[in-house]
1. Please work out which residue is least open to solvent (accessible area, probe 1.4 Å), limiting yourself to the range 92-126 and to residues that are among the acidic types (Asp, Glu) and in a helix (DSSP H, G or I).
2. Kindly provide the set of residues from the range 127-162 that are surrounded by fewer than 16 Cβ atoms within 10 Å (Cβ to Cβ) and assigned to a helix (DSSP H, G or I), ordered by number.
3. Within the range 294-305, identify whether any single residue is open to solvent by less than 10 Å² (accessible area, probe 1.4 Å), closer than 15 Å to LEU537 by Cβ, in contact with a Lys or Arg (Cβ under 9 Å, 6 or more places away or on another chain) and not aliphatic (A, V, I, L, M), and answer yes or no.
4. Can you find even one residue in the range 483-492 that is outside the structural domain of CYS302 (by the TED database), within 19 Å of the chain's Cα centre (by Cα), surrounded by fewer than 21 Cβ atoms within 10 Å (Cβ to Cβ) and not basic (Lys, Arg)?
5. I'm checking my understanding of the structure. Among residues of the range 527-538 that are open to solvent by 10 Å² or more (accessible area, probe 1.4 Å) and touching a strand residue (DSSP E or B) at 6+ places or on another chain (Cβ under 7 Å), which one is farthest from VAL463 (Cα to Cα)?
6. With the requirement that a residue be surrounded by 15 or more Cβ atoms within 10 Å (Cβ to Cβ) and in a helix (DSSP H, G or I), what does the range 498-515 give you?
7. Looking at the range 53-71, which of its residues are part of a loop (DSSP other than H, G, I, E, B) and either among the aliphatic types (A, V, I, L, M) or modelled with pLDDT under 95 (or both)?
8. Evaluate the following for LYS229: is it open to solvent by 20 Å² or more (accessible area, probe 1.4 Å), touching a Phe, Trp or Tyr at 6+ places or on another chain (Cβ under 7 Å) and among the basic types (Lys, Arg)?
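The values are calculated or read from the model by the stated rules, or taken from the named source; none is laboratory data. No experiment lies behind these values; they were computed from the predicted model shown. Counting neighbours? That spans all protein chains shown, and the Cβs are built from the backbone with ideal geometry, glycine included. Note: accessible area is taken over every heavy atom of the protein model, side chains too, but ligands, DNA and RNA are not part of it. Shrake-Rupley method; radii C 1.70, N 1.55, O 1.52, S 1.80 Å.
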Amino acid sequence: MKTSHYLKKAGAVCMAAAMMTGCASGSSGTNGKTLTVGLNTGFNGIFSPLYYQTVYDDYVIEMVYQSMLSYDRDNQLQPELATEQPTISEDGSTLTFKLKKGVKFSDGSKLDADDVVLTFTAMADPSYTGRFSTYVDYLEGYKEYHEGDAKTLSGVEKIDDYTVAFHLATPRIDAISQVGTFPIISNSQFKKYKKGDTKMFEDKASEPIGTGPYVLKNFQKDSAATFVKNDKFKAEDGEYQIDNVVMKICDTSTELQELQKGTVDLLPQADNADKVGTASLDKNLTYNNYASSSMQYFIYNCEAGATADPAVRQALTYAIDRQSFVDSYYSFSKGSKDVKKTQPGFVPVLMANPISSQLGDIITGKEKDDNMTYYDYEIEKAKQILDDAGWTVGSDGKREKDGQKLTVRMVSTKGKDQLDTMLPMLEKAWGEELGVDFKTNLSEFNTMVATVQGDDTVNDWEVSYMGWQFGSGDDTGINLLCQTGQTDNTSRLSDPDLDALLDTALHTTDQAASTAAYKEAYEKISALCPYVAINGLSYYDLYNKKIKNLDTAALYDFVKALDKATIE
């Protein structure tokens, strides 16, 4: 999973980078070409596939690590570290991967089956504190290893040095992508690992060692991360011709000017219509446009505060004029003829994967579902829901119930462009018309995430505004967001009937049965309203025309597209 995202002269950043602590060895190549990428949020510095949380840290992981399978430009899985697609047993319970020979990690150690076994075993360890246990909890032997005395995870079997079998204790509709696309870590880096002690993985989370085309040379959380080519990586002829990459933290107010001046070469995944339109008119710039798996969404706190009441969540949602927001924020006031033919944003039906191969048309609203709750803007309906639920307007014009004021505190990120449009709308609709005591708390991105995720801060907020990338064409990401106890269920929704539906949808090899169960789950989620999909996105990678062959797509971001990209 990925969460949502976004300057100083380039020379200044390079000077700062030169002063940072070195992280890995590598080669700077032969032609010295450098790509400078502008990002609008700093790094957490958690560059471990086992522990990362944000899209920004994941960019680093993508640069450094590889997986057995990877999505191509057409959103199809292709072999990466594997020699071919996995062999699947007749009953679907075993997936067997054969690994390429001669692949090396950046520290010089050879990739083999032990690296794959370690990667998945670490996530099953009883001391593991990351959020990816769902990648292994359906494998044979997970419970025995995680909770019992088993010394190995039997569900991940080393057949020989270059063959690994995954044995499923229960079927999973997305097993191939789940296992195949997880980045593989180095066994030699963690050779002292023993069951019950994953601290070494956490301690080295900022020291990534992978088999990918680049190595992390330096980084500073709020400034930049610099990469050089991995001299152990064997590129195909003509691939990875860009020697150095700088990911530079930019201010959203100046990032476009940086791009126009040439101190930044690329702004990935832009969605601001004004910036995209302006860039489209610049003779030195160009753009890629593609559908994304991303959603901008509100999270309601389902455990504490007024939003623990489903009626409050529904009323607040009916009082969000999402279409007006999209029409305002995502409309081109200026731009080229071609860019004006595109649509940067749209109003989805619910918070789920917009590029789902099975249910995408329902999620995006192209197909009607009579059992879905549709939250069109209806302020009078919102008022009635609150009246019926006992939230009455007091003498001060604010609603209360049983002595509790209807207070809604929104936590979000400072400098998020969309808030300039969204907040005035909420202040009017929620604060003035609904009678909500509406407050905002804007902070740095990482602070906001910690507030929403922290058990000790659960009473400090009712609503948060974030983004999410589903990262595949599957529907299974909704399990992470909505099932009881899941790490990414930041709404803290807990509904046994929904849990059962999501289990039915996930744990099967029958695609039709899975799709039917997910459809029913989506209908239930729409009524429970733990999240509000504010808008879906079409992304624009804005970049200097000196960059050639940067061919990006929904599941093929700029990092992956570096394979063919060049700089003139």
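1. Ranking the qualifying residues of the range 92-126, first place goes to ASP115.
2. LYS143
3. Yes, the range 294-305 contains at least one residue that is open to solvent by less than 10 Å² (accessible area, probe 1.4 Å), closer than 15 Å to LEU537 by Cβ, in contact with a Lys or Arg (Cβ under 9 Å, 6 or more places away or on another chain) and not aliphatic (A, V, I, L, M).
4. no
5. Keep residues of the range 527-538 that are open to solvent by 10 Å² or more (accessible area, probe 1.4 Å), which gives 527-528, 531, 538.
With the extra rule that they be touching a strand residue (DSSP E or B) at 6+ places or on another chain (Cβ under 7 Å), the set shrinks to 531, 538.
On the way: TYR531: 9, SER538: 25 Å.
For the range 527-538, the residue satisfying everything is SER538.
6. LEU498, ASP499, LEU501, LEU502, ASP503, THR504, ALA505, LEU506, SER514, THR515, listed by residue number.
7. If the condition is that a residue be part of a loop (DSSP other than H, G, I, E, B) and either among the aliphatic types (A, V, I, L, M) or modelled with pLDDT under 95 (or both), then GLN53, THR54, MET68 are the ones that fit.
8. yes
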